[in-house]
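The values are calculated or read from the model by the stated rules, or taken from the named source; none is laboratory data. These figures come from a predicted structure and were not determined experimentally. With ideal geometry, Cβ positions are generated from the backbone for all residues, glycine too; neighbour counts draw on all protein chains shown. Surface areas here come from the heavy atoms of the whole protein model, side chains and all, with no ligands, DNA or RNA. Shrake-Rupley method; radii C 1.70, N 1.55, O 1.52, S 1.80 Å.
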Amino acid sequence: MLADSYGRVATDLRVSLTDRCNLRCTYCMPPEGLEWLPREEVLTAGEIVRLLRIGVTLLGIREVRFTGGEPLLRPDLAEIVARTAELDPRPEISITTNGIGLARRAAALREAGLDRINVSLDTLRPEVFRTLARRDRLPDVLSGLSAAESAGLAPVKVNTVLMRDINDFEAPDLLRYCLERGYELRFIEQMPLDAQHGWSREGMVTADEIFGLLSPWFTLTPDSERARGAAPAETFLVDGGPARVGVIASVTRPFCGACDRVRLTADGQVRNCLFAREESDLRSSLRGGASDEEIARRWQAAVASKLPGHGINDPSFLQPDRPMSAIGG
Ligand code: SF4
């Protein structure tokens, strides 16, 4: 098992397949992008699948989520999904994507074994999309969402980051849009993980503010029908349900006490927390001829030293060196 000293067990593995992205979201990276990982440092499909096999067969991983950067930029994504689906026991397989290119690939990914999907959508307005993502690709995201649904990926979840005075006023419209299409929307508090270290608590739209933006239009009640467990999202029934909306409030309503997540970066480093300041290198072990058992032990040691929480609310908090775009959601 991947247990830490606080009694938490990691069973949900988030795998960043690349640090590259085709958008330039203001809360993530600068307009010019970042210096990408050298290709030779990025794990091959075979290396990723070997680590997944070790995680699933030796370490109790039961859920695998592929993230990025933007995972759809990996041409071998369908192959990686298919080989993950062959693992025994078969993990639940999901992906977090910005939706660019999804319309063309949703059916093939579903065929390969993808179970469900999270698509980032911060606005329904092209001009706001251009401001936030610094690209003009909103129609691609919307057609990607409907292709995901048509392909039978379920649930289709939508992740929205609200930025003060940029897209926060769109909260009710975004919820209405998702409710009409059966997508499950989750609002995410912006986290201090941007490459330019521009995050500020004052600039962040809090969970309480999100409720305030929605309450004139919707009645939200605690979700009595679904146990939260280790899920990041706190869910609420909308107007009595069954439709739901989620809020992921890492900063103002942290949920680290029940965390079951562990992360693998595109260059083969284990991060025991999104905000970890240390990493454990599995790539050198992989390429150095280590056995599966040796790699598993190294992975276990990395999780065993996990801190109780992200520490964002501590005066001593330091943002990790690795940006969100190279860690993944
Ligand atoms: S911040 Fe770290 S410990 Fe907290 S929920 Fe996220 S990954 Fe888990």
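For this structure, a couple of remarks:
- Among (1) open to solvent by 30 Å² or more (accessible area, probe 1.4 Å); (2) under 22 Å from residue 272 (Cβ atoms), the one test that residue 17 misses: (1)
Each row is one residue, and each column tells you yes or no for (1) within 16 Å of the ligand (Cβ to nearest atom); (2) not charged (D, E, K, R); (3) not in a loop (DSSP other than H, G, I, E, B).
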| site | (1), (2), (3) |
| --- | --- |
| 212 | no, yes, yes |
| 221 | no, yes, yes |
| 247 | yes, yes, yes |
| 253 | yes, no, no |
| 263 | yes, no, yes |
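- Among residues of the stretch 202-235 being under 22 Å from the mean Cα position of the chain (by Cα) and among the small types (Gly, Ala, Ser), the one that is nearest to residue 249 (Cα to Cα) is 207.
- The requirement of being in contact with a helix residue (DSSP H, G or I) (Cβ under 8 Å, 6 or more places away or on another chain) and within 16 Å of the ligand (Cβ to nearest atom) is not satisfied by residue 231.
- Contact map, the stretch 14-28: residues that are in contact (Cβ under 8 Å) with a residue 60 or more places away in the chain paired with residues that are of a type in the set (Phe, Trp, Tyr), Cβ distance under 6 Å, separation 6+ or inter-chain. Pairs shown: 15/66; 17/66; 19/36.
Okay, residues lined up against (1) of a type in the set (A, V, I, L, M, F, W, C); (2) out of contact with any Cys (no Cβ under 8 Å at 6 or more places or on another chain); (3) surrounded by 16 or more Cβ atoms within 10 Å (Cβ to Cβ); (4) farther than 20 Å from residue 193 by Cα:
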position	(1), (2), (3), (4)
215	no, yes, no, yes
229	no, yes, no, yes
232	no, yes, yes, no
237	yes, yes, yes, yes
272	no, yes, yes, no
282	yes, yes, yes, yes
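- Against the conditions (1) open to solvent by 40 Å² or more (accessible area, probe 1.4 Å); (2) among the polar types (S, T, N, Q); (3) more than 16 Å from the ligand (Cβ to nearest atom), residue 206 satisfies every one except (1).
- Residues (more than 10 Å from the ligand (Cβ to nearest atom), assigned to a loop (DSSP other than H, G, I, E, B) and over 24 Å from residue 119 (Cα atoms)) located in the stretch 301-329: 305, 313, 314, 315, 316, 317, 318, 319, 320, 321
- Of 155, 126, 139, all but one fail to be surrounded by fewer than 17 Cβ atoms within 10 Å (Cβ to Cβ) and at pLDDT below 95; the exception is 155.
- One residue stands out among those in the stretch 107-123 that are touching a Ser or Thr at 6+ places or on another chain (Cβ under 7 Å), open to solvent by less than 20 Å² (accessible area, probe 1.4 Å) and not in a loop (DSSP other than H, G, I, E, B): the one that is farthest from residue 169 (Cα to Cα), which is 117.
- In the stretch 257-275, the qualifying residues are those that are within 14 Å of the chain's Cα centre (by Cα) and of a type in the set (Val, Ile, Thr), and the one that is farthest from residue 64 (Cα to Cα) is 265.
- Those residues of the stretch 273-286 which are touching a residue at least 60 places away in the same chain (Cβ under 8 Å) and either part of a helix (DSSP H, G or I) or within 16 Å of the ligand (Cβ to nearest atom) (or both), in sequence order: 274, 275, 283, 286
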